Amino acid sequence: MSANAGPVVALAGGVGAARFLRGLVAAMPADELVVIGNTGDDKNFYGVHVSPDLDIVIYTLAGVVHPERGYGLAGDRFTLVDALARFGHETWFRLGDRDYATCLHRTLRLRAGAGLSEVTDEIRRRFGLELRILPMSEDPCPTLIELEGGRRSHFEDYLARDGAPEDVCGVDLSAAAAARPGPDVEETLRGARAILVCPSNPVVSIGPILAVPGVREAIAASAAPVVAVSPIVGGAPVKGPADRLLRAIGVEVSARGVARHYGTLLGGFVLDQRDAAQAPDVKALGIQTRVIDTIMSSADASARLARATLELAEALR
Ligand code: GDP
């Protein structure tokens, strides 16, 4: 496969990624797009395997995501978790009934011997999606957040149970760093015509994907331009705890800081017009820039951002 013929490959976390991917499928044929999804947030809740980021991407692209929350299904009910609460179970992880069905299906298929990659492919087809979604790994890769005082929490416990407190002192990606890449992940990256890093949390969404052995090597071995979109706008995350997590690993909370953090991986970087003054600093790293409004407040805004990102990638080829 020549560098020109391969797919566009997007490294993706959850909500920020899904909004960007919604724009990408409007800007290019979906069957030429492959998503490599973060599984560092995966966890067992109520006896089922939850893959938050994979499902956020699937539900968003299928147009069935809860519009305000950005995760879960629109109109879902919480009969199951509320009934469990009666028996004294902790039910802070608000998994809706139909969302539970997705996760139960995943669990039953995994138990029957299917791989996470195969099951993810089944689920995206059932939701009518044409783009492929590859889990970064089929091995358990829990991202652990290290807190002051020596406490360590799974990322979902840190975020959803504890409300993402500030006192983070480190992030442990050692499970991802010991995992095997998922089926087709390395081959797909090597054959890509462009590799896009979605505006996702660089530490806990993109970080785990890049930590999986072989992923960075496959990106380096591909002829594809690599372009990232900044998730930091005006010195702050649009949403979520990226600020405290970046600080915890010693990265400046800015578009420029994220570009530096990705470093030599990148050929191009898309940053928000509010951060235009930082473009020269990014260029000084040898990274080409594009400045545009990156707030994806509508489907049109997502599509404009996706087109600008694809154009920058095209210009770098
Ligand atoms: P999560 O796994 O659900 O937290 O989702 P991601 O890691 O994919 O996305 C979280 C990141 O997306 C946060 O750091 C946000 O700042 C960023 N983000 C969310 N919405 C937007 C947006 O409209 N524009 C940009 N540039 N970034 C966004």
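The values are calculated or read from the model by the stated rules, or taken from the named source; none is laboratory data. As the structure is a computational prediction, the values presented were derived from the model and not from experiment. Neighbour counts run over all protein chains shown; Cβ positions are idealised from the backbone, glycine included.
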Which pairs turn up if I take residues in the stretch 127-138 that are free of Cβ contacts under 8 Å to residues at least 12 places away in the same chain and look for partners that are of a type in the set (Asp, Glu) with beta carbon separation below 7 Å, at least 6 apart in sequence or on another chain? none
Looking at the structure I just gave you, is Gly235 over 24 Å from Met136 (Cα atoms), of a type outside the set (Asp, Glu) and either in contact with a helix residue (DSSP H, G or I) (Cβ under 7 Å, 6 or more places away or on another chain) or surrounded by fewer than 19 Cβ atoms within 10 Å (Cβ to Cβ) (or both)? yes
Find all pairs meeting these conditions: Cβ atoms under 9 angstrom apart; at least six residues apart or on different chains; first residue within the stretch 29-56 and free of Cβ contacts under 8 Å to residues at least 12 places away in the same chain; second residue surrounded by fewer than 24 Cβ atoms within 10 Å (Cβ to Cβ) and not in a loop (DSSP other than H, G, I, E, B). Asn44/Val50; Asn44/Thr107
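Restricting attention to the stretch 165-184, which residues are surrounded by 20 or more Cβ atoms within 10 Å (Cβ to Cβ) and farther than 11 Å from Pro213 by Cα? Working first, answer last.
Here is the first cut: in the stretch 165-184, the ones surrounded by 20 or more Cβ atoms within 10 Å (Cβ to Cβ) are 168, 171, 173, 176, 179, 181-182.
Result: Val168, Val171, Leu173.
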Report, by residue number, each residue of the stretch 188-206 that is away from the ligand (no atom under 16 Å from the Cβ), in a loop (DSSP other than H, G, I, E, B) and either crowded, with 24+ Cβ neighbours inside 10 Å or of a type in the set (D, E, K, R) (or both). Ala192, Arg193
Within the stretch 132-154, does at least one residue satisfy the condition of being more than 30 Å from Val171 (Cβ to Cβ) and not in a loop (DSSP other than H, G, I, E, B)? no
Pairs returned, first residue in the stretch 302-317 that is at pLDDT 95 or above, second residue that is polar (S, T, N, Q), beta-carbon separation under 6 angstrom, 6 or more apart or interchain, are Leu305/Thr294
Considering residues that are surrounded by 21 or more Cβ atoms within 10 Å (Cβ to Cβ) and in a loop (DSSP other than H, G, I, E, B), the number found within the stretch 28-67 is 6
Hey, among the residues in the stretch 62-115 that are over 18 Å from Ala18 (Cβ atoms) and hydroxyl-bearing (Ser, Thr, Tyr), which one's farthest from the chain's Cα centre (by Cα)? Thr79
Arg260 fails exactly one of (1) within 14 Å of the ligand (Cβ to nearest atom); (2) in a helix (DSSP H, G or I), namely (1)
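If you check Gly286 against the conditions, is it modelled with pLDDT of 95 or more and more than 13 Å from the ligand (Cβ to nearest atom)?
Details: modelled with pLDDT of 95 or more: yes; more than 13 Å from the ligand (Cβ to nearest atom): yes.
Spelling it out, Gly286 is indeed modelled with pLDDT of 95 or more and more than 13 Å from the ligand (Cβ to nearest atom).
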Do we find that Ser153 is within 25 Å of Ala259 (Cα to Cα), touching a strand residue (DSSP E or B) at 6+ places or on another chain (Cβ under 8 Å), of a type outside the set (Lys, Arg) and at pLDDT 95 or above in this structure? no
